[in-house]
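Report on one structure; see the data block that follows.
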């Protein structure tokens with residue numbers, strides 16, 4: 001498969017926004033193992049004390065997010081009627097490409113191939129121009145990077161807020177692909193007092209997280225809504241029982257990123273019911289670097305196209 005595909009502009013839908021918003025919430029939850037965690041095992045048997053592991057997991061989550069800005073990957077989204085359906089009713093395949101200040105979503109064919117070469121070249125040229133802009137050091141670029149960093153800081157603050165919001169009980173150990181995972185039950189603290197709309201949501205979810213014992217990396221998270229959640233000034237609602245799961249693996253030395261996600265959401269928006277049942281696979285992680293480096297990859301890809309394939 002070629003390096004890139006068409007349509008570098010981000011794709012945003014209300015359906016996708018609802019899904020991603022809940023995912024951000026649960027991933028923030030999953031990043032925390034507070035020092036006050038209750039242990040179902042003998043704590044002296046652990047190589048790292050809970051308070052130290054909490055700090056390590058937070059550090060690793062921040063590092064993983066920063067690293068993700070350097071990697072392209074293929075995203076395959078399979079929609080189903082219900083979470084238990086064996087076959088997909090719709091499949092979308094995208095190439096996710098970091099742009100320095102955001103993420104471009106480039107549609108591929110259902111087989112994961114690039115579309116018509118003429119369209120491919122035209123859209124590849126558009127992406128080249130965007131990356132060339134992002135690689136410059138002007139005032140507009142500095143403002144864009146500052147805005148992106150501000151959003152990242154807000155996500156980090158949400159992650160750190162889970163230290164007060166949840167109790168984590170160490171339930172046991174499991175083995176996955178030859179590595180030991182620590183399994184924690186995650187439950188809202190009864191005495192927690194939310195200080196924002198987003199942290200209020202912490203009181204309405206519970207779940208399980210798995211931490212890689214050796215690296216203190218988040219390996220898996222499952223979360224479930226325990227009460228209806230109102231969003232967008234009560235114009236939308238995620239129903240009790242909605243579920244989210246994500247698995248993460250080491251995709252490069254010391255770099256752990258998502259490889260699989262499953263969303264099973266039901267709710268209402270603007271007085272209309274919605275149902276989202278999706279399985280998402282992430283493959284073909286490739287380090288492309290910041291815009292100055294990825295720009296060269298795009299230009300090299302353009303140079304490989306035969307003259308007869310030009311639009």
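Tell me which of these residue 211 doesn't satisfy, since it passes every other one: (1) at pLDDT 90 or above; (2) part of a loop (DSSP other than H, G, I, E, B); (3) in contact with a helix residue (DSSP H, G or I) (Cβ under 8 Å, 6 or more places away or on another chain).
(2)
Identify the residue in region 57-83 that is farther than 21 Å from residue 251 by Cβ and at pLDDT 80 or above and, among all such residues, is surrounded by the most Cβ atoms within 10 Å (Cβ to Cβ).
Across region 57-83, the extreme among qualifying residues is 80.
A quick yes/no check of all residues on (1) assigned to a helix (DSSP H, G or I); (2) touching a residue at least 60 places away in the same chain (Cβ under 8 Å); (3) farther than 14 Å from residue 296 by Cα; (4) under 24 Å from the mean Cα position of the chain (by Cα):
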residue: 106; (1), (2), (3), (4): no, yes, yes, yes
residue: 110; (1), (2), (3), (4): no, no, yes, yes
residue: 118; (1), (2), (3), (4): yes, yes, yes, no
residue: 123; (1), (2), (3), (4): yes, yes, yes, no
residue: 132; (1), (2), (3), (4): yes, yes, no, no
residue: 147; (1), (2), (3), (4): yes, no, yes, yes
residue: 158; (1), (2), (3), (4): yes, yes, yes, yes
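Checking residue 153 against (1) part of a helix (DSSP H, G or I); (2) surrounded by 15 or more Cβ atoms within 10 Å (Cβ to Cβ); (3) under 22 Å from the mean Cα position of the chain (by Cα), which test does it fail?
Looking at each condition in turn, residue 153 falls short on (2).
In this structure, is residue 199 modelled with pLDDT under 90, surrounded by 15 or more Cβ atoms within 10 Å (Cβ to Cβ), within 20 Å of residue 65 (Cα to Cα) and out of contact with any strand residue (DSSP E or B) (no Cβ under 6 Å at 6 or more places or on another chain)?
Against the criterion (modelled with pLDDT under 90, surrounded by 15 or more Cβ atoms within 10 Å (Cβ to Cβ), within 20 Å of residue 65 (Cα to Cα) and out of contact with any strand residue (DSSP E or B) (no Cβ under 6 Å at 6 or more places or on another chain)), residue 199 does not qualify.
Checking residue 295 against (1) outside any helix (DSSP H, G or I); (2) under 24 Å from residue 118 (Cα atoms), only one condition comes out false. Which one?
Every condition holds for residue 295 apart from (1).
So for region 174-185 (the condition being at pLDDT below 85 and either under 26 Å from residue 291 (Cβ atoms) or surrounded by 15 or more Cβ atoms within 10 Å (Cβ to Cβ) (or both)), does at least one residue qualify?
There is no residue in region 174-185 that is at pLDDT below 85 and either under 26 Å from residue 291 (Cβ atoms) or surrounded by 15 or more Cβ atoms within 10 Å (Cβ to Cβ) (or both).
Collect the residues in region 230-247 that are outside any loop (DSSP other than H, G, I, E, B) and touching a residue at least 60 places away in the same chain (Cβ under 8 Å), keeping them in residue-number order.
231, 236, 238, 243, 244, 246
So which residues in region 93-104 are within 18 Å of residue 299 (Cα to Cα) and either buried (at least 19 other Cβ atoms within 10 Å of the Cβ) or touching a helix residue (DSSP H, G or I) at 6+ places or on another chain (Cβ under 7 Å) (or both), if there are any at all?
95, 97, 98, 99, 100, 104
Considering only region 74-104, state which residues are part of a strand (DSSP E or B), more than 13 Å from residue 281 (Cα to Cα) and in contact (Cβ under 8 Å) with a residue 24 or more places away in the chain.
97, 98, 103, 104
Out of (1) surrounded by fewer than 17 Cβ atoms within 10 Å (Cβ to Cβ); (2) over 17 Å from the mean Cα position of the chain (by Cα); (3) farther than 19 Å from residue 66 by Cα, the odd one out for residue 229 is which?
Exception for residue 229: condition (1).
The values are calculated or read from the model by the stated rules, or taken from the named source; none is laboratory data. None of the values given here were measured: they were computed from a predicted structure. Every residue, glycine among them, receives a Cβ derived from its backbone with ideal geometry; neighbour counts consider all protein chains shown.
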